[in-house]
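Novice: Please read through the structure below; I'll follow up with questions.
Read-outs: derived from the displayed coordinates by stated rules, not from any lab. Just so you know, these numbers come straight off a predicted model, no measurement behind them. With ideal geometry, Cβ positions are generated from the backbone for all residues, glycine too; neighbour counts draw on all protein chains shown.
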Amino acid sequence: MRQEEIIEVLKEKGSFIRTKEDWERFKNFIKDKETPFLVINPERVREKYRLIRENFPEAKIYYAVKANPVKEILEILKEEGSYFDIASIYELDLLLEIGVEPERISFGNTIKKRTHIEYAYKKGVRLFVTDSEEDVKNIAKYAPGSKVFSRILTTGIGADWPLSKKFGAHLDIVVDTLILAKKLGLIPYGVSFHVGSQQRDVGQWDEAIATARFIFNYMRDEEGIELKMLNIGGGLPARYTEPIPEDDLLIKEIRRFVFEDFEDLPEIIIEPGRFLVAEAGIIVSEVVLISKKNYIDPYNWVYLDIGKFGGLIETIDESIKFPIICEREGFPKRVILAGPTCDSMDILYEKSEYYLPEDLKIGDKVFILSTGAYTLTYSSVSFNGFPPLKYYIWEK
Ligand SMILES: *Cc1c(COP(=O)(O)O)cnc(C)c1O
């Protein structure tokens, strides 16, 4: 790709590299480092955080730590006044270590051990999600008096990385868990949902918010319980190969849905993960091998030094399509992209159309864009002996 084209793509994909000078500095920065690695710019996370804050000022932003838990990102968000959504007590420890107050933390995993509920409670966490009666009983016993919100099951339709089925419950259970919470001395605080990760259909929020409204009404009219909080979850998309709406329009639209159904605004929580961090990362990788499976094969197989086990697990079923670029110029040729391990599932893209220059060479660098979310922590410890994905912090 010509340099001007590279800059164009980087800008379109929301990257922190925006000018020729940035690109030159970036190349200099990566020059002597062994691939693969992820370059993270925490300042890009700050920009994305502010975008939400400016376009939906009423919402409290709880960063879903699991999307990328590196300290430099957590610190920037702490500084910005962010709240945090944790999946485990280990993420809780990361936050406490950098001085985040437990009042700014929500335990957002519906699946938790009793000992972990107890640990979080002892550390000061007082906000817990649930989606089952057994879990409510555990919370009542090990985190007495805490605020509890119940998660509504959504379909995940429209999402490239759906979270459906496993989390949340149908409406009767949502209602019953809240009633039980009250009975057991907890505070039935509100409801939540997650419309599916990388959700590209904004209408999914509209429906889920309307469902939440229904539950607010039901609890008030039938049970005399005033819910106080609506948690509209994560799911905000990042810039991969498929187009998505402009960030500010998307957030304004979701805000409009909330205001349409809730004239009397409850406390609003939003839990972005991917949206905040994806565009803050670029993976630098190298071509290990190029081959064909027969002499007249129309496809080249291009093997990179990173694959599913090195951090790109979201390419399962080719769900998340990362933009991939390289500096070499030349006629674009359709390729099958695969990782370096001895596992045949370690193919990144076979059905999706990926093109690289026809005279791509072994040793060429490729840049995998929008890789700041769900890469570092998904990389395996040492499958086939490969070390976990490294990262470097980019400072301007
Ligand atoms: C993973 C997760 C999120 C973040 O989802 P994104 O799609 O990355 O925004 C938010 N809330 C909960 C409860 C989650 O499990």
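Novice: Hey, what angle do you get for helix 42-55 against the long axis of the chain, alpha-carbon based, 0 to 90 degrees rounded to 10?
Specialist: 50 degrees
Novice: Sticking with this one: Taking all pairs of distinct Cα atoms, average 1/r, flip it, and tell me the Kirkwood hydrodynamic radius of the stretch 264-384 in Å to one decimal place.
Specialist: This gives a value of 15.5 Å.
Novice: Using the Kirkwood radius over C-alpha pairs as Rh, can you work out the diffusion coefficient of the chain via Stokes-Einstein at 25 °C, viscosity 0.890 mPa s, in µm² per second?
Specialist: Using the Kirkwood radius from Cα pairs, D works out to 111 µm²/s.
Novice: Net charge near Lys365: determine it from the other residues with C-beta under 13 Å of the C-beta of Lys365, scoring Lys and Arg +1 and Asp and Glu -1.
Specialist: Counting the neighbours of Lys365, the net charge comes to -1.
Novice: Throw me the Rg/Rh for the stretch 275-318, computed over C-alpha atoms with Kirkwood Rh, two decimals.
Specialist: In the stretch 275-318, Rg relative to Rh is 1.10.
Novice: Let me ask something additional. Give the relative contact order (percent, whole number) for the stretch 42-276; include only Cα pairs under 8 Å separated by 6+ residues.
Specialist: For the stretch 42-276, the relative contact order is 21 percent.
Novice: Next question. Given axes a ≥ b ≥ c from the Cα gyration tensor, I'd like to know whether the stretch 42-276 is rounded (a/c under 1.5), prolate (a/b larger than b/c) or oblate.
Specialist: oblate
Novice: Take every DSSP beta bridge whose two residues both sit in the stretch 42-276, then give the antiparallel share in percent to the nearest 5.
Specialist: Of the beta bridges lying entirely in the stretch 42-276, close to 5 percent run antiparallel.
Novice: Moving on. Could you compute how fast the stretch 229-335 diffuses translationally, taking Rh as the Kirkwood radius over C-alpha pairs and applying Stokes-Einstein at 4 °C with viscosity 1.567 mPa s? Give it in µm² per second.
Specialist: 74 µm²/s
Novice: Would you work out if the stretch 91-156 is rounded, prolate or oblate? Take a ≥ b ≥ c from the square roots of the eigenvalues of the alpha-carbon gyration tensor; rounded if a/c is under 1.5, else prolate when a/b is larger than b/c, oblate otherwise.
Specialist: It comes out oblate by the Cα gyration axes.
Novice: Here's another thing I want to ask about it. So if we plug the beta-carbon distance of Asp248 and Arg18 into 1/(1 + (r/R0)^6) with R0 = 22 Å, what FRET efficiency do we get, rounded to 0.05?
Specialist: 0.80
Novice: What number comes out for the charge environment of Gly158, summing +1 per Lys or Arg and -1 per Asp or Glu over other residues with Cβ under 13 Å away?
Specialist: Here the charged neighbours net out to -4.
Novice: Determine the sum of side-chain charges near Thr130: Lys and Arg each +1, Asp and Glu each -1, restricted to other residues whose C-beta is under 15 angstrom from that of Thr130.
Specialist: Value of the local net charge: +4.
Novice: Please report the antiparallel percentage of the DSSP beta bridges confined to the chain, to the nearest 5.
Specialist: Bridges in the chain that DSSP calls antiparallel: roughly 40 percent.
Novice: With label points built 7 Å along Cα→Cβ from the Cα atoms of Glu8 and Arg50, find their separation and express it in nm.
Specialist: Between Glu8 and Arg50, the label points sit 2.9 nm apart.
Novice: If you build a Gaussian network model of the chain, linking Cα atoms that sit under 10 Å apart, which residue out of Asp176, Asp32, Asp85 swings the most?
Specialist: Asp32
Novice: Rounding to the nearest 20 debye, state how big the charge dipole of the chain is about its Cα centre with +1 on each Lys and Arg Cβ and -1 on each Asp and Glu Cβ.
Specialist: Magnitude of the dipole: close to 880 debye.
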